[in-house]
Amino acid sequence: MTNNREQQEFMTMDDVATRYRISKSTLYMMVSKRELPSLKIGRRVLFRKADLDAYVQSKLRTNTK
């Protein structure tokens with residue numbers, strides 16, 4: 001039996017593209033350059049939500065004056 005929490009921890013390529021409004025080809029490029037941590041199982045590429053959140057936080061620009 002799969003834990004519902006474990007199921008929600010990972011996002012598919014489609015989920016990520018929709019959530020962040022970027023193309024799947026951009027995601028594939030980021031994965032191939034190892035910019036985004038991912039898990040490949042067979043043909044599926046999965047992303048952990050925590051890794052995506054950390055990536056977004058690292059890319060946020062701060063106003064430094």
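The values are calculated or read from the model by the stated rules, or taken from the named source; none is laboratory data. Just so it is clear, the structure is predicted and the values come from calculations on it, not from any experiment. When we count neighbours, we look across all protein chains shown, and the Cβ atoms used for this are built from the backbone with ideal geometry, even at glycine.
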Residue set Leu36, Leu46, Leu52; condition of a type in the set (A, V, I, L, M) and part of a loop (DSSP other than H, G, I, E, B); output residue Leu36
In the stretch 1-20, how many residues are modelled with pLDDT of 95 or more and more than 12 Å from the chain's Cα centre (by Cα)?
0
Select from the stretch 36-65 the residues that are surrounded by fewer than 12 Cβ atoms within 10 Å (Cβ to Cβ), without any contact (Cβ under 8 Å) to a residue 24 or more places away in the chain and of a type outside the set (A, V, I, L, M, F, W, C) and list them in ascending order.
Lys40, Gly42, Arg43, Asp53, Gln57, Ser58, Lys59, Arg61, Thr62, Asn63, Thr64, Lys65
Check off (1) modelled with pLDDT of 95 or more; (2) within 9 Å of the chain's Cα centre (by Cα); (3) hydrophobic (A, V, I, L, M, F, W, C) for Met29 and give me the number that stays unchecked.
(2)
In the stretch 23-33, which residues are surrounded by 13 or more Cβ atoms within 10 Å (Cβ to Cβ) and either assigned to a loop (DSSP other than H, G, I, E, B) or touching a helix residue (DSSP H, G or I) at 6+ places or on another chain (Cβ under 7 Å) (or both)?
Lys24, Leu27
Considering only the stretch 33-63, state which residues are of a type in the set (D, E, K, R) and modelled with pLDDT under 90.
Lys59, Arg61
